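Take a look at the structure set out below.
Any read-out appearing in this document is the output of simple, stated calculations on the displayed coordinates, not a laboratory observation. Model, not experiment: these values are computed from the prediction. Reconstructed Cβ throughout: ideal geometry from the backbone, glycine too, with neighbour counts over all protein chains shown.
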Amino acid sequence: MASAEHIVVVGGGIAGLAAAHALLPAARESSRPLRITVLETGNRWGGKILTERLDGFVIEGGPDTFLVAKPWAVKLCRELGIEDRLQGTNPNQNATYILKNGRLHPIPGGLTMMIPTEFGPMLRSRLLSWPAKLRMGADLVLPPGTPDVEESMGDFVTRRLGRAAYEALIEPLMSGIYAGDGDRLSIQATLPYLPELERKHGGLIRGALRARHERQKNGGAPGPGSRSLFLTPTSGLIEIVEALTANLERNGVDLRLQSPVRWIRRVKSDFVMELADSDTIVAQGIVLATPSYVSAELLSELDPLLAAELAAIAYVSTATVSLAFRASQIRHPLNGYGYVIPRSEGRAALACTWTSTKFPHRAPERHVLLRVFIGRAGQEGEIPWDAAGLIGLAQRELAETLGIVAEPIFARAFLWERAMPQYNRGHLDRLKRIEARLESLPALALAGNAYRGIGIPDCIHSGQLAAEGVLASLNLHSDQHPQRERVT
Ligand SMILES: Cc1cc2nc3c(=O)[nH]c(=O)nc-3n(C[C@H](O)[C@H](O)[C@H](O)COP(=O)(O)OP(=O)(O)OC[C@H]3O[C@@H](n4cnc5c(N)ncnc54)[C@H](O)[C@@H]3O)c2cc1C
């Protein structure tokens with residue numbers, strides 16, 4: 001009988017767990033036996049996905065929802081049998097606000113992919129001056145830029161819609177997702193659909209109008225009986241992690257917590273990994289689903305050039321603070337999903353989600369749950385990175401903007417050190433160099449949020465592609481899983 005091949009997934013975040021899940025069909029169907037191990041340094045699974053359930057509240061420490069338009073998360077939930085657990089955001093109170101000069105203004109209706117597609121709401125909005133609105137309209141007549149020239153997000157949006165629209169509208173929306181500095185982030189790497197709209201339709205407004213038309217024709221966003229753009233399991237995103245680990249366990253995958261990998265070496269065609277206790281593990285294939293700066297350390301001996309490229313991907317630290325109140329303590333109507341804060345407002349917080357309005361099932365009746373996001377690129381030095389400091393900062397934000405001065409029933413701070421990779425200009429060229437180095441390391445693939453998308457669906461997809469790449473290199477590939485590129 002042929003000896004078993006061993007594939008090790010390093011990192012038990014969503015990308016690593018999705019990679020292990022994608023290896024299962026090969027373990028079942030391949031004529032050669034396949035062993036799968038997942039090694040995670042922490043004492044829980046899920047990485048940035050962390051849900052706490054406390055006194056009837058569902059508290060998300062990291063992500064709280066995922067985008068439906070990128071299909072991989074919904075598809076995974078379907079495979080795991082938890083699709084019916086997915087809930088959309090509250091359709092009855094779906095306004096989002098932007099802070100300007102200390103006051104909240106509703107984001108004008110009709111934004112599609114962050115781009116205005118309805119003129120009435122835009123013209124009525126007090127977020128922008130008349131000259132700024134006129135400048136936005138110039139997008140309809142401006143010629144497209146030079147193709148294949150990488151631009152920062154700030155430069156690109158300024159070129160199309162004007163600097164005022166960038167600073168007041170696009171920058172705060174984007175910051176809430178990437179905690180990044182738009183004047184450094186590459187538009188092509190971070191939001192590739194925007195240059196694509198320009199390339200295909202000659203401008204952003206034209207392109208967004210077409211996209212909106214297509215979506216309306218197709219009956220809204222895809223999803224289980226829902227037109228919501230975002231979904232999340234009823235009792236938190238950790239449900240996906242719980243379903244994944246339970247299924248991996250049922251299928252004989254060796255799941256090991258508190259098992260940090262220290263380094264990876266090559267011995268003939270095998271990989272040898274050393275764990276913290278000097279235990280070694282031999283594998284024929286590896287999916288590295290760790291942050292890129294960790295992958296850099298693990299590979300520093302095996303391929304110093306690859307390690308240097310991985311180490312050069314920048315990360316930003318960020319934090320969330322969830323605060324629970326009795327509804328009677330709050331005068332503000334909290335009539336929407338929350339607000340984002342432009343960099344120009346000079347606040348340490350970058351957004352506040354009105355969680356119990358956005359997801360009513362996440363707080364008991366007559367209670368309110370709010371979540372403040374803190375920390376963005378370039379402002380990290382100004383933040384007290386400890387629980388008391390973060391909670392104090394969140395309370396000051398709530399007092400200043402929403403007039404909430406009551407003591408919360410509880411407050412929970414979650415600090416995410418070096419959590420948000422920044423796809424700064426040069427990122428796509430770096431990915432090409434990384435892919436070239438990986439050519440000489442067959443059966444080793446990278447997955448996770450450092451490469452081609454930080455959202456949960458992209459991370460799931462990256463894990464799946466990495467798994468397929470390793471299976472193909474080991475000839476364990478089945479026809480149902482055609483090979484694609486390995487860095488995702
Ligand atoms: C505050 C916050 C809010 C967010 N909100 C959203 C949102 O609403 N929607 C959305 O789609 N995305 C959101 N994101 C982004 C998304 O959550 C992440 O990009 C994604 O979860 C990252 O998954 P990952 O598997 O790539 O990495 P991680 O979750 O970081 O997993 C990597 C794992 O590797 C482990 N590890 C590290 N070193 C070693 C080692 N030496 N050996 C073994 N294991 C190791 C780590 O412990 C970790 O578990 C948010 C992120 C943050 C921080």
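Could you tell me the distance between the Cα centroids of segment 116-138 and segment 432-469, to the nearest Å?
Cα centres, segment 116-138 to segment 432-469: 40 Å.
What FRET efficiency, computed as 1/(1 + (r/R0)^6) with R0 = 51 Å and r the Cβ-Cβ distance, is obtained for Phe410 and Asp84, rounded to the nearest 0.05?
Given R0 = 51 Å and the Cβ-Cβ separation, E is 0.95.
Could you work out the relative contact order of segment 109-217? I mean the mean sequence separation of Cα pairs under 8 Å and 6+ apart, divided by the number of residues, in percent.
32
How many lysine pairs does the chain hold where the Cα atoms are under 27 Å apart and the two sit 8 or more places apart or on different chains?
17
Using a basic spin-label model with each label point 7 Å from the Cα along Cα→Cβ, how many nm lie between Arg124 and Asp270?
7.0
What 222 nm value per residue comes from the helices of the chain, counting each DSSP H run with n ≥ 4 as -39,500 (n - 2.57) and dividing by all residues, nearest 500 deg cm²/dmol?
-9500 deg cm²/dmol
If neighbour count is taken as other Cβ atoms inside 10 Å, put His6, His332 in order from fewest to most.
By the 10 Å Cβ count, ascending: His332, His6.
Between Ala436 and Ser235, how many nm apart are label points set 7 Å from Cα along the C-beta direction?
5.1
Under the classification rounded if a/c is under 1.5, otherwise prolate if a/b is larger than b/c and oblate if not, where does segment 109-217 fall, given a ≥ b ≥ c as square roots of the Cα gyration tensor eigenvalues?
Since a/c stays below 1.5, the shape of segment 109-217 is classed as rounded.
Suppose the chain between Tyr193 and Asn43 were pulled fully straight at 0.36 nm per residue; how much longer would it get relative to their current alpha carbon spacing?
Extra length from Tyr193 to Asn43 when fully extended: 50.3 nm.
Enumerate the residues in segment 270-299 having an amide nitrogen under 19 Å from the point lying 7 Å beyond the Cα of Asp254 toward its Cβ.
270-289
Tell me whether the chain comes out rounded, prolate or oblate; compute the Cα gyration tensor, take square roots of the eigenvalues as a ≥ b ≥ c, and use a/c under 1.5 as the rounded threshold.
Prolate, because a/c is 1.5 or more and a/b exceeds b/c.
Among 454-467, 165-178, what's the highest-first ranking by average C-beta atoms within 10 angstrom per residue?
Listed from highest to lowest mean packing, they are 454-467, 165-178.
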